[in-house]
1. Quickly run through segment 57-68 and pick out the residues that are in contact with a Lys or Arg (Cβ under 8 Å, 6 or more places away or on another chain) and surrounded by 14 or more Cβ atoms within 10 Å (Cβ to Cβ).
2. Anything in segment 21-68 that is basic (Lys, Arg), at pLDDT 95 or above and farther than 11 Å from residue 5 by Cβ? List them, or say none.
3. Condition (residue is open to solvent by 90 Å² or more (accessible area, probe 1.4 Å), within 20 Å of residue 2 (Cβ to Cβ) and at pLDDT below 95) applied to segment 71-92: is it met by at least one residue?
4. From the set of residues in segment 1-56 that are open to solvent by 70 Å² or more (accessible area, probe 1.4 Å), of a type in the set (A, V, I, L, M) and in contact with a Leu (Cβ under 9 Å, 6 or more places away or on another chain), which is nearest to residue 76 (Cα to Cα)?
Amino acid sequence: MKIKATQVLVGLDGEKLDNNGKGELTIGLAISNILSVTKSDNQVRSWYLAQEFYKKDEVTLKAEEVVFLKELIARNELYFPIVTGQLLQLIEE
């Protein structure tokens, strides 16, 4: 599965989401933040994927990485459903 990390997340009104005054909130930034702060059974995988999403325009995931990522996104406490819902919908497509 390929994910375009540079895609900007949007609010219910369709407007681009802001990253706390530091530009726009992209898929890559949101996922790398979730991976950086959410504890997992495989912290090395979290660290590797966080770097990939932070640095690359497009990330290719293996099937097991998709499952891993979905689980972390679903239980993260960093973002509200306005962000996590979009991320999970994107991964399930």
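1. 59, 61, 65, 68
2. Across segment 21-68, the qualifying residues are 45, 62.
3. yes
4. 37
The values are calculated or read from the model by the stated rules, or taken from the named source; none is laboratory data. All figures in this text were calculated on a predicted structure; none of them were measured in a lab. As a convention, Cβ positions derive from the backbone with ideal geometry for all residues, glycine included, and neighbour counts pool all protein chains shown. Protein only, heavy atoms only, side chains kept; ligands, DNA and RNA dropped before computing areas. Shrake-Rupley method; radii C 1.70, N 1.55, O 1.52, S 1.80 Å.
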